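What follows is calculated from the coordinates using simple rules that are stated; it is not laboratory data. The shown structure was predicted, so the numbers you read here are calculated from the model rather than taken from an experiment. Reconstructed Cβ throughout: ideal geometry from the backbone, glycine too, with neighbour counts over all protein chains shown.
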Amino acid sequence: MKFKAILSTALVVTLAAGTVPVRAEVSELHVAAQYGISYLPLMIMQDRKLIEKHAQAEGISDLKVSWSKFAGGNVMNDALLSGSLQFASGGVGPLVTLWAKTKGLYDVKGVAAMNVMPLYLNTNNPKVKTIADFTSADKIALPAVKVSIQAVTLQMAAEQAFGPGQQNRLDPLTVSMSHPDAQTALLSANSEITAHLGAPPFQYNELKDPRVHTVLNSYEVLGGPATFNVIWTTSKFREQNPKVYKAFVEAFDESIAIINADKKSSLDDILAMLNDPKIEFTTTPHNVMKYVDFMYKIGSIKVKADSWKDLFFPNVYNLPGS
């Protein structure tokens, strides 16, 4: 179902909601993640059944939690608005896009940040030293053209390199592709993909190939560390399911604590990534407004956020460092 159609359906449901009696909290919860080590907190939550554990503490003993994998945040947003998904996860870009489109309707907001990580633009083209060296012969893989956090980061980099109004200059070179498929394509000798703006562990795996080098990383574009992944849901779901929402937040907090307290048990490659000083698992948002301000400036979103708090629910407002 297309985004606009889902949004229209959501409006009808919302307008009709006032005539529907208050129901009990959901008995089944649908949570989605994407591919990569950045989603490790969700993997731990699933493996250790942390949501079920905290739901039981809230008096919900029979909550069923279903997990799904998506290639990009744009598809997740469609699922969230259709009601087939309750918690979405991905880059800041898809959250900001949906926050702006649903303001005053479903009021989608962030539940928490998930991590602070750099995103590398890797290429196998030896002629490309900077993004200015890309030509029409190159194809850049990323999770979702235009809306993924990788796509927005590339637009920001293009504006910095080519000047105001040139943010879309590299968009014709971009191709929507999941990280695993993009890694395979970049390392293949028979693919049109010559670059991948990815995420851990894929960007690190690619750099093990001597033909691959990094052209750009997101920290250079943003002027410092920034939140990569966030979790979001609708205000309607949060209001109608306060116990389940609380159980999810507490489960997520526990998962983050587990990661930060016990990195030594990881395999060597994963351990190296987890201990990279540029990577941090944290629920505190970092540098989110740089993405928001840029997306508003270029017209990707039509609603201006006055503060990062406009995009998140109150449970993260007072976190240290936010």
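Observations, loosely collected:
- Here the Gaussian network model covers the chain, with springs between Cα atoms less than 10 Å apart; of His196, His179, His30, His30 fluctuates the most.
- Positive end of the dipole of the chain (Cβ unit charges, origin at the Cα centre): among Asn205, Ala161, Ser178, the Cα lying farthest that way belongs to Ala161.
- When the Cα positions of Pro320, Pro225, Gly299 are compared along the charge dipole of the chain, Gly299 comes out farthest toward the positive end, with charges on each C-beta of Lys, Arg, Asp and Glu.
- Scattering curve values for the range 54-140, log₁₀ I(q)/I(0), Debye with Cα scatterers, q = 0.13, 0.18, 0.19 Å⁻¹: -0.67, -0.96, -1.00
- Length-normalised contact order of the chain in % [C-alpha pairs under 8 Å, at least 6 apart]: 26 percent
- Calculated on C-alpha atoms, the gyration radius of the chain divided by its Kirkwood radius gives an Rg/Rh of 0.97.
- In this Cβ point-charge picture (+1 for Lys and Arg, -1 for Asp and Glu), the chain has a dipole of about 680 debye about its Cα centre.
- In order along the range 284-293, phi translates into HN-Hα couplings of 7, x, 10, 6, 5, 5, 5, 5, 4, 4 Hz, rounded to whole numbers, per the Karplus curve 6.51 cos²θ - 1.76 cosθ + 1.60 with θ = phi - 60° and x for Gly and Pro.
- Against the chain, whose longest principal axis is taken from its Cα atoms, helix 73-82 shows a tilt of about 20°.
- Cα point-scatterer Debye curve for the range 120-222, base-10 log of I(q)/I(0) at q = 0.20 Å⁻¹: -0.95
- Annotation: amide H-H contacts under 5 Å for Leu216 (H modelled 1.01 Å from N, sequence separation of 5 or more, or interchain): Leu121.
- Estimated dipole of the range 210-312 in Debye, rounded to 20 [Cβ of Lys and Arg +1, of Asp and Glu -1, Cα centre]: 440 debye
- Among 50-63, 149-162, 101-114, sorting by the average number of other beta carbon atoms lying within 10 angstrom of each residue, highest first, gives 149-162, 101-114, 50-63.
- Relative contact order for the range 178-322, counting Cα pairs under 8 Å that sit 6 or more residues apart, in percent: 18 percent
- Angle in degrees between helix 149-162 and the longest Cα principal axis of the chain, rounded to the nearest 10: 40 degrees
- Taking the C-alpha atoms only, the angle from helix 3-16 to the longest principal axis of the chain is near 20 degrees.
- Top of Ala185, Ala226, Ala195 by mean-square fluctuation, Gaussian network on the chain, Cα under 10 Å: Ala185
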